[in-house]
Every structure is written in structure tokens, then in C-alpha cells.
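The values are calculated or read from the model by the stated rules, or taken from the named source; none is laboratory data. Every value quoted in this text rests on a predicted model; they were computed, and no experiment measured them. In this analysis, Cβ positions are derived from the backbone assuming ideal geometry, glycine residues included, and neighbour counts consider all displayed protein chains.
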Amino acid sequence: MDFELPAQFAQFGDARKNGFLRVKKIKENGGRVAGTFCTFTPQEILDAAGVSPVSLCGMSEETIPAAEAHLPKNMCPLIKSSYGFAVSDKCPYTYFSDIIVGETTCDGKKKMYELLGKMKDVYLLHLPQGDREHALEQWTGEVQRFREFLEQRFGEEISDEAIREAARLRNKERAARRRLMELQKAQPPMSSGYAIYKALEGAGFYFDVKEVCRELTRLADQLEADYAAGQRPVSEKAKRILITGCPIGGVLEKTVKAIEAAGGAVVCFENCSGIKATIDEVDADAPDIIAAVAEKYLKIGCAVMTPDIRRMDLLRRLVSEYRADGAVEIDLQACTTYSVESYTVRKLMEELGVPYMAIETDYSVSDSGQLATRLEAFLEML
Amino acid sequence: MRAIGIDIGSSCAKTAVTDGQGNVLWLDQMPTGWSSVEAAEEIRKRLAAAGFDPGHDPCVATGYGRVVVPFAQKAVTEISCHAKGAQKLFGLADLDIIDIGGQDTKVISVRGGSVRDFLMNDKCSAGTGRFLEVMANTLRTDSASLIAMAAEGSNTSISSMCTVFAESEVISLIGKGESRENIAFAVVTSIAKKIASQASRLCADGVQTVLTGGLCEADQLRKALSLELGRDIISCENARYAGAIGAALFAEKL
């Protein structure tokens, strides 16, 4: 599927494919790797400890049967797939990870980490899930505890300055990711949403943050130049769609691609790998750098938070900034937090006058036909 | 000018021809069979035999086989086509449509002549024509007779929405010696409950709810559905052609 990306995007497809070789090289050179699952993972702490983070989010149906030997069938496909990769040793990143970092986000993940901990070295950060006054203090304590764990685990002190330096670099990466996504604000947008998503995803497999910044910036420059030269890869008539909901890496073909095949244009991804993780930066010069890192991550508007006001505020903002004609929520099967919250999102979209559709799906292809019809009908309705 | 609309559903293929002014001239239906490609070819022959020219007249295809009609200039989803056709059939610009199809059931809410929202069952066949077909098979009858039989039954229920489990329930009712009428009653009540729970999310007060699709003439089902939904549901003779008529109306605009 990466082969179908427009030429300018080819390097990101390659990054995904060559990620395995890169991680192998890191290990051969005595480097350290941490497998992560979630945008709540404070990457700056890992960077400062000289540990390369890599996402272990399972996106394939292939390993689900292996996972179902331990996990219930009626469960989030992302959790099952991720766990399946670990049990069956099919994921090179899981295999090469010195440690796996998880957070107490949803119930499914939380309990999966317990089982994963029997096979791998799992460190769990306890994420506060709401707006209590002491939430930031508690989370700061968790981030500090994580730092101490890494210091002990690898026998090296992690200096404040190293964390500040990491924060400056990660801020640059977040800005580069944002810039690429913001190209879609143009009418018509500068690229298919599918290709943008693939680039953001591929960028996670460079392991060198400076290189990620460089490549993302180069791509954005190129797309801007092509657009200025009159190239219009997306039709002016295409309805502008905002995507929200669960992580969608495993269902991209039957959702995002189906929307664009039916003549829509995905202009904004509010999801984990999209905007929500990049809108806030770490204040690298704050007096307490650990608290500054904690503050950035605690601001992520995820459905595990109660109440999840930040997600609603962000959606409100994105709908107008990206001039969305419609919003599609993609929820993974059995994701309680997102599927319950979809009612709140529906009400918000009604208030904003933006047509909204929620779909629930898993990693199988059995519902592709029906999903395509529903998405196509949604576009016809706009 | 003539305009042609073709609705290839999972079990039945429907064709409508209009005069280009929104008036229906000809309606036709046939089983889809195992291949929608062959169904499309058969439709072409039947159109030609009735004196219409599918190579020349504008044509829109809809339904699950909409992409395999080589002589259609455009494919439009069944949601948009049913909405268009039902508005024409019932003469209403505001209406809520329940369409029971062979493999999916749709609820479409139309306001001011446009689709405002819709729901479709997901990959499961609960609450679809297929569910009734399987149950009818088990009772050695067909869907229409099963629904008619339900009028004579009472006081029996099946609890499972899943087609496979519901079939086992029906088999165990047969084993217990329950009458066919009572079992038919249980099946029809069960499907009506399932569809009503889906429809209640969209159907609104003060708006007429209508029934389209292959089971539109099954009065007993319509009554059971009205009862479960707590709304008066109407239908009409040609409501099974709503999708094809809607497609023909879209073809008029090509």
C-alpha cells in the first residue's frame, strides 16, 4: 500500500519499511530502545536517557488469533494486535525493545500491560484521568519516578539540561508535524489526507528526531512549492472531512482511503497520531522541567479523561480552522471510552452545524463493503 | 427523454424507467442471483425487450451491485436513492424511511427534501431480510408466508438477535412442539424489536415514518414494527422500487 503514495511521499513509505533495519542498527551499536503505545508517553525523558522510543501499536489482524489465546474476543483490535505481536514474537520492534512503556489509559490496555509484563520488561506510568487540582502534581511525580526508573535501569543520571535539550528538539518535531498537517487548511487541500497520514506515521520510524524534522520540512516545502506552481492533487469540489476518534493506523484503508476514493478529502486528523499530540509544546526553559513535560502531556484530550473537555474544545477549533464540511468519528470495536463519548461529539457537531457520522470497526475486511457505502452516502448527504 | 434507474440489491434487482419529467413509466424486478454482473446483463436485455434503450437513455445504478452495471453513467448509494424515491412515492419532503433490505436495514431521515442523517446496520444480518429468510427456511416456508402466519400466533418469544443463535432457538421451539404460528409470531416480533430500536434513534415526532424495501407489502410486519416503534408506519405498493425510482430520478438530472 505504501507503493501507492505520491512520489514526494516515497521516503516516508521507505522509512516504515526500513525502520526494522534502523532499529537493528541502533541495537548493534549498543543503543537502547523503548516500545511505546500511546501519545501520553513523555518522549523527552526517554530521549534524555538515550533511549529511542518506537511505537508498538498493533495495526494488523494477523496476530489477533495469537492474542485471543489469552485475551477475550470482544476487545479492542489494537490491544489484541499489539499483544499478539509480543506473544508471537512477530514484531521486530517489540523484540528489540529493552523496555516497554505503558500508561494507565483505558481499562483494556491497563490489564493487557499486566499480562505483557510477564513476558517483557514493562514500566507503567499512572496517568491521572481528570481535572482535579492535584492531577498535574501527581503526573509530575509519575514523570519524575519514570526518570528515576530509567536512571537506575541504565545506570546513568539524566540531567535537567538533557531533558530541556530533548524538549527543544521534540518541540521542533511537533512544529514540523503541525506544519505538514496545516497545509490541508488550503482549499483545495495540498494533498490527500491518506498520504499525509502515511508521512506522519512513517516519520515515527526514523528514530533520529533531527532527521524527522528535516524530512517533514522538506516534504511540506515541496508540497507548498508544487501547490504554488499550480498543482492540485485534490479536486476543488471534494468535501472536506475531519477525522476524529480512536487510533486509525489499522483501519486506514477501509476508512480514510474509502472516503477519498468516494470523492472526499480528509483535511484533518484529530486522532492520536494527528493534531492532538502536537498542539502543545513543552516550555523548555521552565524552572521545573519535569513539571513542564508533565503539563504538556496532561493536556492531551483523550476519551480516557473525564470530563474530556479538551477534546471538545480542540474539535470546535479544528472544525472552523480546517473548514470541515463533515466529521467522521472512527472508533475501534469495543472501545468503551470513545464509543460512549461519541454521543457528546455528535451533540457538539449538531451545535456547530457540521454533519457527523460515527463508525465502529475492527481490523478485519469483512465490513469494508458496507463501510464504503456508508461513507459514500455520507459524502452524498453533504 | 427516458431515464433509467437500476437497484441491484443482495437478493432482488429492481429497475425503474421514468419519462424524464419524474413520472414512472415502467417497473421491473427479478432475483439478483449469484452474480450481479449477470444480473446487470439480464436487466439490459429486459429493458431492451420492453422497448427502452439502456445504451442511449441516461442511467444511474444503486444498491450493493451499483458498480458492476456497465451501461450506467453513474453510481449513487442506496441511501440517497431510497430517500429520493420515497419522497416521490409518498409525496413528502419530510419523512423517516425504514428500508428492510436483503442484507442490510437502513433508516434514513429526510428533511426539506435532503438526507439529514441515516443509520445502517453493520456487518451483522440481525434485523434484515436475510434473518427472516433463514427463519422461514427453518420453518419450511417463505418470508411472506411466515409474516402472514404470525398474525395467528401469540405469546411466544425468541430472545436472540443473532441470526445463527435465533435459528437454534427456533429449532428448540419446534422440538418443544410449539405451533408454527406462534414461532412465526416470535420471529416477527423479534425482528420488529431489533429494527425499532435502530429506528428510534432517528425517527422524529411529527414526521411520517414509511416502510420501503422487499417486505413493504407484509402488513403484519408493518403492524408489529408500528407497535414496537410507537409510531404509525405507512407503506405503498411500489415501495420496494424506491431505490430504483430514486436512481431514475437522479438519471433525469444527468
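Points to keep in mind about this one:
- Residue in the stretch A:149-168 that is of a type in the set (Val, Ile, Thr) and within 27 Å of A:CYS335 (Cα to Cα) present: no
- Which listed residue is in contact with a strand residue (DSSP E or B) (Cβ under 9 Å, 6 or more places away or on another chain) and either crowded, with 19+ Cβ neighbours inside 10 Å or basic (Lys, Arg) (or both), from A:LEU124, A:LEU150, A:LEU71: A:LEU150
- Among (1) within 14 Å of chain B (Cβ to nearest Cβ); (2) farther than 24 Å from A:PHE40 by Cα, the one test that A:ALA324 misses: (1)
- Those residues of the stretch A:69-110 which are within 26 Å of A:GLU151 (Cβ to Cβ) and in a helix (DSSP H, G or I), in sequence order: A:ALA86, A:TYR93, A:THR94, A:TYR95, A:PHE96, A:LYS109, A:LYS110
- Check on A:SER364, touching a residue at least 60 places away in the same chain (Cβ under 8 Å), surrounded by fewer than 20 Cβ atoms within 10 Å (Cβ to Cβ), among the small types (Gly, Ala, Ser) and within 14 Å of chain B (Cβ to nearest Cβ): yes
- The test for being in a helix (DSSP H, G or I), buried (at least 18 other Cβ atoms within 10 Å of the Cβ), within 11 Å of chain B (Cβ to nearest Cβ) and among the hydroxyl-bearing types (Ser, Thr, Tyr) holds for A:THR373.
- When A:LEU46 is tested against the conditions (1) buried (at least 22 other Cβ atoms within 10 Å of the Cβ); (2) modelled with pLDDT under 85, the lone failure is (2).
- Within the stretch B:68-84, restricting attention to residues that are within 19 Å of B:GLN29 (Cβ to Cβ) and more than 14 Å from chain A (Cβ to nearest Cβ), the residue that is surrounded by the most Cβ atoms within 10 Å (Cβ to Cβ) is B:VAL69.
- Subset of the stretch B:114-138 [more than 17 Å from the chain's Cα centre (by Cα) and either assigned to a strand (DSSP E or B) or within 12 Å of chain A (Cβ to nearest Cβ) (or both)]: B:SER114, B:VAL115, B:ARG116, B:ASP117
- Verdict on A:VAL267 being buried (at least 19 other Cβ atoms within 10 Å of the Cβ), touching a helix residue (DSSP H, G or I) at 6+ places or on another chain (Cβ under 7 Å), part of a loop (DSSP other than H, G, I, E, B) and aliphatic (A, V, I, L, M): no
- The stretch A:127-165: number of residues that are over 21 Å from A:ASP98 (Cβ atoms), outside any helix (DSSP H, G or I) and either small (Gly, Ala, Ser) or touching a residue at least 12 places away in the same chain (Cβ under 8 Å) (or both): 5
- Selection from the stretch B:231-253 of residues that are part of a loop (DSSP other than H, G, I, E, B) and either closer than 17 Å to B:THR18 by Cβ or in contact with a Cys (Cβ under 9 Å, 6 or more places away or on another chain) (or both): B:ARG231, B:SER235, B:CYS236, B:LYS253
- Qualifying positions in the stretch B:44-67 - more than 14 Å from every other protein chain (Cβ to nearest Cβ) and either of a type in the set (Gly, Ala, Ser) or in contact with a His (Cβ under 6 Å, 6 or more places away or on another chain) (or both): B:ALA48, B:ALA49, B:ALA50, B:GLY51, B:GLY55
- A:ALA220 vs. criteria closer than 16 Å to A:GLN11 by Cβ, among the small types (Gly, Ala, Ser), in a helix (DSSP H, G or I) and modelled with pLDDT of 95 or more: yes
- Residue in the stretch B:130-152 that is closer than 23 Å to A:VAL328 by Cβ and not hydroxyl-bearing (Ser, Thr, Tyr) present: no
- Qualifying residue in the stretch B:7-22 (condition: among the β-branched types (Val, Ile, Thr) and in a loop (DSSP other than H, G, I, E, B)): no
- Residue within the stretch A:37-58 that is at negative phi and without any contact (Cβ under 8 Å) to a residue 24 or more places away in the chain present: no
- Test: residue in the stretch B:148-156 that is more than 14 Å from chain A (Cβ to nearest Cβ) and under 18 Å from the mean Cα position of the chain (by Cα): yes
- Going through (1) touching a residue at least 60 places away in the same chain (Cβ under 8 Å); (2) touching a Leu at 6+ places or on another chain (Cβ under 9 Å) one by one, A:ALA334 falls short only on (2).
- Any pair with Cβ under 7 angstrom, 6 or more apart, that starts in the stretch B:28-52 at a residue that is more than 20 Å from B:ALA239 (Cα to Cα) and ends at one that is surrounded by fewer than 16 Cβ atoms within 10 Å (Cβ to Cβ): B:ALA39/B:GLY33; B:ALA40/B:PRO70; B:GLU42/B:MET30
- Count - residues of the stretch B:201-239 that are out of contact with any strand residue (DSSP E or B) (no Cβ under 6 Å at 6 or more places or on another chain) and crowded, with 22+ Cβ neighbours inside 10 Å: 4
- So A:ARG311, is it more than 10 Å from every other protein chain (Cβ to nearest Cβ), within 22 Å of A:LYS276 (Cα to Cα), basic (Lys, Arg) and in a helix (DSSP H, G or I): yes
- Within the stretch B:95-112, tally of residues that are within 12 Å of another protein chain (Cβ to nearest Cβ) and either surrounded by fewer than 19 Cβ atoms within 10 Å (Cβ to Cβ) or part of a loop (DSSP other than H, G, I, E, B) (or both): 4
- Yes/no for A:LEU315 being within 15 Å of A:PHE269 (Cβ to Cβ) and either in contact with a helix residue (DSSP H, G or I) (Cβ under 6 Å, 6 or more places away or on another chain) or buried (at least 21 other Cβ atoms within 10 Å of the Cβ) (or both): yes
Matching residues to (1) over 20 Å from the mean Cα position of the chain (by Cα); (2) away from every other protein chain (no Cβ under 12 Å); (3) closer than 28 Å to A:LYS80 by Cβ:
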| site | (1), (2), (3) |
| --- | --- |
| A:SER320 | yes, yes, no |
| A:VAL340 | yes, yes, yes |
| A:LYS347 | yes, yes, no |
| A:GLU350 | yes, no, no |
| A:PRO355 | yes, no, no |
| A:GLU360 | no, no, yes |
| A:LEU379 | yes, no, no |
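- The set of residues in the stretch B:147-165 being touching a helix residue (DSSP H, G or I) at 6+ places or on another chain (Cβ under 6 Å), under 13 Å from B:SER190 (Cα atoms), in a helix (DSSP H, G or I) and free of Cβ contacts under 8 Å to residues at least 40 places away in the same chain consists of B:THR163 alone.
- Where a residue in the stretch B:54-77 is of a type in the set (Ser, Thr, Tyr) and its partner, wherever it lies, is part of a strand (DSSP E or B), with Cβ under 9 Å and at least six apart: B:THR62/B:GLY5; B:THR62/B:ILE6; B:THR62/B:ASP7; B:THR62/B:ILE8; B:THR62/B:ALA75; B:TYR64/B:ILE8; B:THR77/B:THR62
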